[in-house]
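Beneath this line is the structure, given in structure tokens, with notes to follow.
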Amino acid sequence: MSTHIHPVSSVLGTSTLPAAMNTVFLFFALVAGIFAQEKPGVVLRLNQEALDYGSRIAPDVLRKVLNKASFENLEDKEGPVSYKFKQISLEQSEIESANFSFDPSINGIRASIQRLSAFVKLDYESSIDMSITKMEHSGSAEISLQDVDIDLKVAVEADSDRRAKPKTLECKASIKDSEFNFSSIVVHWMYSTMSKVLPNKVREWTEERLCRVITDYIDNKMPETIKEVKLSAEMDEFKVDYSPVSKVSVSQQSLEARHRGEVSWKSDSTPSSQKPDDIPREDQDDEDKMFNLWLDEFVAKTFAESAHSHDYLKARIAEDTISEEDQKEKLRLSYVSSLIPELSSNSAGSVQVEVSSSKVPDVEISEEGVRVQLHGDVLVSTRSGSNSEQQFKLKTTVKLLAKAHIEKNRLIPDLLSYDVETSELTQIKINPKEADAFKFTHMVVREIAVKQIEKILRKGLPLMSLEDLSLIDPTIRFTNGSMHLATDVQYKEYS
């Protein structure tokens, strides 16, 4: 016997549900949006491997969900038999297996829960109208449920904020076998009458309630949890916008979500002038991994633009920036200054060096990694008391090559190499030799600029991630125009 119902709006008395099942559905929490059609800077794709992982942990998760569920009282009449069920609980739930699959026809997921078993315990009051008299009886009963199958269709829709909103389109529960046991003595003729009516009614009622509990969880509890997922992240003075730019797309093999991926200054809401390009990814998908994530050059370019616009790519070293205890830094400044004899011989004051960005850095991603070209000025001054006097300025270009690795859901760039070019010597008060100026510039870039850049890089880019999920065996590769991260995940309770 089976009962086929559609979602209901009533809220049942389910308790707070386990975070693990939230996590399973939160695989789809970083999606939503049906309004904007802009190109994404970040694309997230979930393969069947991700659903298979959900299938493996689902039996234990659903067991906890069902065992914590409570049921409202039931009062009804069937022919001469009237009955009322109360103090109803589902106990000792066990699930043999679960299977999830993508379904593009509903833009969502099909779930099949197989061979569920459980005990329904309840108190009852019943009566049989004998026309002349009414026979009443009360007690408790236990129903053993066996071979219960539950089939679900869940679409991934979007709410008004363009966040994901799981919606149960269909739930069908079927109890193939059940056994009704009274815990109190019932006279034979009354037992015969009740056993013909109550088991079927309870079975139908239980099938419906199982679907209601699961539907309530998906439709009402999950959206509350999804709203707690922050589609933004912070790194130092920057923020990363991971808001969705289009509705999630489901195919036979995967679920794909598209996100903005813009990096901007925390206190500046001005949109970037950069625009993401089409991310080449169809031939790069790693089907053996649960997640595939692509980051377009747009992500790095918006960071570079914002960093330049807000003087983040600026460093200064002088005596007043060095603590008394930092003798190494003092020696470094003294050594840099000594590379140009004219600087020490023609100036009575202390030396200060400033490095700053003169234009937005150029960023390009290729198979070799991320190439960044920084355009800047090295300004050398002397300072005596409160007076500062410029000695000369060098225009320089620094070319960087970096790759990356993952640390705790952050993308940490690894600086592989750098090259320095000196293009112009201006604002000259002293006239250093070209070779001395070149050597000086290299030392300044190495000791000041590169150290500042490495400091920035160590902060890393926070990725879209879910609480209590760890990335397992991530691999990173670079292609023309984008970076591709393929990884498995592991929930902490199911290691």
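The values are calculated or read from the model by the stated rules, or taken from the named source; none is laboratory data. Note that this is a predicted model, so its numbers are computed, not measured. Because the Cβ atoms are built from the backbone with ideal geometry, glycine has one as well, and the counts that use them run over all protein chains shown. Quick note on the areas: whole protein, heavy atoms, side chains included, nothing else; ligands and nucleic acids left out. Shrake-Rupley method; radii C 1.70, N 1.55, O 1.52, S 1.80 Å.
Inside segment 90-107, can you point out the residues that are touching a Ser or Thr at 6+ places or on another chain (Cβ under 7 Å) and either at positive phi or not hydrophobic (A, V, I, L, M, F, W, C) (or both)? Show your work before the answer.
Here is the first cut: in segment 90-107, the ones touching a Ser or Thr at 6+ places or on another chain (Cβ under 7 Å) are 94, 98-100, 102, 104.
Within segment 90-107, 94, 99, 104 meet the criteria.
Out of everything in segment 380-399 that is within 43 Å of the chain's Cα centre (by Cα) and surrounded by 15 or more Cβ atoms within 10 Å (Cβ to Cβ), what residue ends up being farthest from residue 479 (Cα to Cα)?
Within segment 380-399, the first condition is being within 43 Å of the chain's Cα centre (by Cα), and the residues that meet it are 395-399.
From what is left, the residues that are surrounded by 15 or more Cβ atoms within 10 Å (Cβ to Cβ) are 395-398.
Values: 395: 31, 396: 28, 397: 25, 398: 23 Å.
Only one residue tops the list, namely 395.
Restricting segment 437-484 to residues that are within 21 Å of the chain's Cα centre (by Cα) and among the small types (Gly, Ala, Ser), the residue that is modelled with the highest pLDDT is 482. Number of residues in segment 200-224 that are farther than 15 Å from residue 88 by Cβ and open to solvent by 30 Å² or more (accessible area, probe 1.4 Å): the value is 4. Taking every residue in segment 385-402 that is touching a residue at least 12 places away in the same chain (Cβ under 8 Å) and among the hydroxyl-bearing types (Ser, Thr, Tyr) and pairing it with any residue that is part of a strand (DSSP E or B) and open to solvent by 70 Å² or more (accessible area, probe 1.4 Å), at least 6 positions away or on another chain, the pairs with Cβ-Cβ distances below 6 Å are 397/421.
Please determine whether any residue of segment 243-250 is touching a residue at least 40 places away in the same chain (Cβ under 8 Å) and farther than 30 Å from residue 102 by Cβ. Write out each step before concluding.
Taking segment 243-250 first, the residues touching a residue at least 40 places away in the same chain (Cβ under 8 Å) are 243-250.
Among the residues that remain, those that are also farther than 30 Å from residue 102 by Cβ are: none.
No, segment 243-250 contains no residue that is touching a residue at least 40 places away in the same chain (Cβ under 8 Å) and farther than 30 Å from residue 102 by Cβ.
Residues in segment 115-143 that are closer than 18 Å to residue 204 by Cα and open to solvent by 20 Å² or more (accessible area, probe 1.4 Å) were compared, and the one that is farthest from the chain's Cα centre (by Cα) is 123. Among the residues making up segment 73-82, those that are in contact with a strand residue (DSSP E or B) (Cβ under 8 Å, 6 or more places away or on another chain) and open to solvent by 10 Å² or more (accessible area, probe 1.4 Å) are 73, 74, 75, 76, 77, 80, 82.
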